[in-house]
Amino acid sequence: MSLWKVFDIAGASMSAQSVRLNTTASNLANANTVSGSAEEAYSARHPVFETVMDWESEASAGVRVSDITTSDKEPAKVHQPGHPEADADGYVYMSNVNPVDELVNMISASRGYQNSVEVMNTSKELLLRTLRLGQ
Amino acid sequence: MPINLDNEFALQGRALGVASQRLGLLAQNVANADTPGYKARDVDFKGAMQNAGQNAPSMQVTHDKHIGLPRADTRAEVLYRVPNQPSMDGNTVDAQAETGAVAETAVRYQATLTFLNAKIRGLRLAITGSR
């Protein structure tokens with residue numbers, strides 16, 4: 001019965017969206033992290049969502065995080081000779097996190113999560129009513 | 001009048017089946033609202049119920065070489081949505097439309113349950129003769 005599968009699908013969606021929220025939290029936390037070289041500078045992490053097709057059972061489709069990519073944007077170079085992390089030329093490297101992008105991601109992830117909760121609640125209600133059928 | 005329980009509940013049973021199948025698909029759409037390249041899917045509720053309206057002829061299997069008619073397919077055909085706002089990443093899910101469709105399907109499902117409950121109550125009354 002498909003209604004039971006709704007729990008799996010909505011659960012998968014909630015877990016994927018929470019991974020997304022997690023990366024957003026990491027990115028925002030490290031938005032102002034400074035390091036001594038371009039390689040060590042923090043780069044923004046973003047999850048890649050992928051549809052999971054289950055062809056055996058009438059092609060039900062869940063979702064999962066297939067990969068976490070790191071942004072390859074160049075970190076900003078700031079001249080701060082007094083900084084303890086500064087390199088030989090007096091430069092420090094900021095993380096390449098764009099806080100505006102991250103906030104947009106956060107809102108989108110939160111909406112996706114809320115929608116899944118709504119779907120899960122609806123099917124729970126329907127299943128309970130079906131159980132009470134004829135009583 | 002003999003009551004065939006199969007026929008008595010067939011239409012409502014079919015409606016519940018299609019509604020739960022649709023809810024499953026809508027859940028997939030909501031789950032994949034942010035997946036690049038995902039194509040939203042849905043069932044044609046009206047078409048599925050029209051097929052259910054016609055009573056399929058039944059044949060009796062009285063010999064082991066007889067082949068019975070296949071049971072009527074309880075699943076509706078799954079179709080792809082036509083997006084009204086295509087997006088750059090190829091995803092065709094409209095989260096608001098999906099949420100609305102979930103609410104609509106839930107109401108349909110509950111309406112069917114109400115009809116079924118009324119039928120069951122009627123049969124009970126006929127069996128027991130009192131409330």
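Please treat every number below as a calculation from the coordinates, not as lab data. Just so it is clear, the model here is predicted, and its values are computed rather than measured. Note that each Cβ is placed from the backbone with ideal geometry, even for glycine, and that neighbours are counted across all protein chains shown.
Quick notes on this structure:
- Within-13-Å neighbourhood charge of A:Ser26 [Cβ basis; K, R +1; D, E -1]: +1
- Pairwise FRET efficiency - B:Ile67 versus A:Val48, Cβ, R0 = 51 Å, nearest 0.05: 0.55
- Taking trypsin sites (Lys or Arg not before Pro) across the stretch A:58-135, the ones in a DSSP loop with at most 15 further Cβ atoms lying within 10 angstrom of their Cβ are A:Lys73, A:Arg132.
- Between B:Val78 and A:Lys124, the distance separating the two model label sites (each 7 Å from Cα on the Cα→Cβ line) works out to 2.6 nm.
- Most positive-pole-ward Cα, A:Ala86, A:Ile9, A:Ala76, against dipole of the stretch A:2-129 from beta carbon charges: A:Ile9
- Cβ charges +1 (Lys, Arg) and -1 (Asp, Glu), total dipole of the protein assembly as shown, debye: 1980
- Angle between chain A longest axis and helix A:99-131 axis [Cα atoms, degrees, rounded to 10]: 10
- Between 0 and 90 degrees, the angle of helix A:2-29 with respect to the longest Cα principal axis of chain A falls at about 10 degrees.
- Hz values of 3J(HN,Hα) by residue in the stretch A:42-52 - Karplus curve (6.51, -1.76, 1.60), Gly and Pro given as x: 5, 10, 4, 9, 9, x, 10, 8, 9, 6, 9
- Check: chain A dipole with +1 on Lys, Arg Cβ and -1 on Asp, Glu Cβ, in debye: 800
- Karplus-derived HN-Hα couplings along the stretch B:92-97 (A = 6.51, B = -1.76, C = 1.60, θ = phi - 60°), whole Hz, x at Gly and Pro: 10, 7, 10, 4, 5, 4
- Distance between modelled label sites at B:Asn4 and A:Asp101, nm, 7 Å Cα→Cβ extension: 6.4
- Nonlocal amide H pairs with A:Val63, under 5 Å, H built at 1.01 Å: A:Ser13, A:Val52
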